[in-house]
Amino acid sequence: MAGRNGSWVGGVAVAFLLMAGCAGESAETTDVPATTAVPSTTTTEPGSRSSAGCGSAVLAPVVEEERTLTVDDTSRRYLVTVPSAHDGAEPLPVVLDFHGLMEGAEVHSAMTQYSALAEQEGFVVVFPHGTGDPIGWNLDPSAESNADLAYIDAVLAEITSDLCIDEARIYATGLSMGAMFTSVLLCERAGVLAAAAPVAGLVRDDGCAPSEPIPVVTFHGTADPILLFNGGVDLSAIPGSGDADAAPTTTAAPADLTGEGYPAAVAALAAHNGCEPEPTDTELSDEVIHRVYDCPPGADVEFYIVIGGGHSWPSSEFSRSIGDIVGHTTFDVDATADSWEFMSRFTNG
């Protein structure tokens, strides 16, 4: 996981077939040139950059309203929740919440329940919808053109035009393949994101050289039956994958909390952010270890290690309902509330 992941990502795509039959509609993928993000400096200092939509007519609050847009003649869609706090004058943060492979926006919003928190805390949440069959995300950060990066640029352009958004507080999170796409954004849109929270799928590529460090909190279970904690993929738990009798690419073993795979990926990210190499581990419960690196201001890295946790979104009732596929879901840490608490501490401006 800590090395180059291009071939690894391609090899694990099948491993996200968790929600067969639950995915939304998909559109054909059309390659378009990715736009260039305007770099700025991530900081914990308070700051705000009002978007073009500030001062315009107040839009009524909506919950997961479907919107469509066209990117290079290709129709794309997303869901957006606008909280009651939106008054057209005070800029609000935005959270981009990315679904896993074959989930789609509707399934993922039911899993994370980010809309309810957006209303409670007063921020906008967007659930982008991928493309392809099965529906997913383009994970190649080295591509000269990536249609999904251009799509996210277009979504943000539309949201910041139509709503009063704080462009210094744009955040990204996601599960599984959505976590991997969040990792791509960490590389390719470092001037856009203020912080990120990939869940069960942080990817750290040696070829990733973001223009600036971005604060990251991530979550992963030591008993993830699909994306193994210490590296490798096991497809046997996935109904309909065609690999139910296949041997795992890496044999599961007792978790090494400082070993290869996801611990190494987090450590590599911390090193890039200029953090000290030895983190502090705090046992929050029998199921959760909170690993915190000593990092420069505005470059924080934190890792929630879920002992016995599966390929799930912590504290999600939806994840718990599919436990026979994804494994155990802990309720000792809340990936929605805790990722927001972490991300909301940071601005990018």
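A few points about this structure:
- Evaluation of E283 against (1) in contact (Cβ under 8 Å) with a residue 60 or more places away in the chain; (2) among the charged types (D, E, K, R); (3) in contact with a strand residue (DSSP E or B) (Cβ under 6 Å, 6 or more places away or on another chain) (one fails), failing number: (1)
- Residue that is nearest to the chain's Cα centre (by Cα), among those in region 259-286 that are surrounded by 13 or more Cβ atoms within 10 Å (Cβ to Cβ) and polar (S, T, N, Q): N273
- Scanning region 213-223 for residues that are assigned to a loop (DSSP other than H, G, I, E, B) and either over 18 Å from I305 (Cβ atoms) or in contact with a helix residue (DSSP H, G or I) (Cβ under 8 Å, 6 or more places away or on another chain) (or both) returns P213, I214, P215.
- Taken over region 290-316, the residue count meeting the criterion of being touching a residue at least 60 places away in the same chain (Cβ under 8 Å) and surrounded by fewer than 16 Cβ atoms within 10 Å (Cβ to Cβ) is 3.
- Cβ-Cβ under 7 Å pairs, at least 6 apart or on other chains, region 180-196 side of a type in the set (D, E, K, R), far side assigned to a helix (DSSP H, G or I): E188/L149
- Listed by first and then second residue, the pairs linking a residue in region 197-225 that is among the polar types (S, T, N, Q) to a residue that is part of a strand (DSSP E or B), with Cβ atoms under 8 Å apart and 6 or more places separating them unless they lie on different chains, are T218/A197; T218/P198; T218/V199; T218/E302; T218/F303; T218/Y304; T222/I305; T222/V306.
- Restricting attention to region 268-309, the residues that are assigned to a strand (DSSP E or B) and among the aliphatic types (A, V, I, L, M) total 6.
- Of the numbered criteria (1) among the charged types (D, E, K, R); (2) assigned to a loop (DSSP other than H, G, I, E, B); (3) at pLDDT below 95, the one D324 fails is (2).
- The set of residues in region 255-267 that are in contact with a Phe, Trp or Tyr (Cβ under 6 Å, 6 or more places away or on another chain) and in a helix (DSSP H, G or I) comprises Y262, V266.
- Which listed residue is surrounded by fewer than 24 Cβ atoms within 10 Å (Cβ to Cβ), without any contact (Cβ under 8 Å) to a residue 40 or more places away in the chain, under 17 Å from I165 (Cα atoms) and touching a strand residue (DSSP E or B) at 6+ places or on another chain (Cβ under 8 Å), from G122, G53: G122
- When region 57-77 is filtered for residues that are touching a Ser or Thr at 6+ places or on another chain (Cβ under 8 Å) and surrounded by 15 or more Cβ atoms within 10 Å (Cβ to Cβ), the ones remaining, listed by number, are V62, V63, E64, V71, T74, R76, R77.
The values are calculated or read from the model by the stated rules, or taken from the named source; none is laboratory data. In this text, all values refer to a predicted model and were calculated from it rather than measured experimentally. Methodologically, a virtual Cβ is constructed for each residue, glycine included, from the backbone with ideal geometry; neighbour enumeration extends over all protein chains shown.
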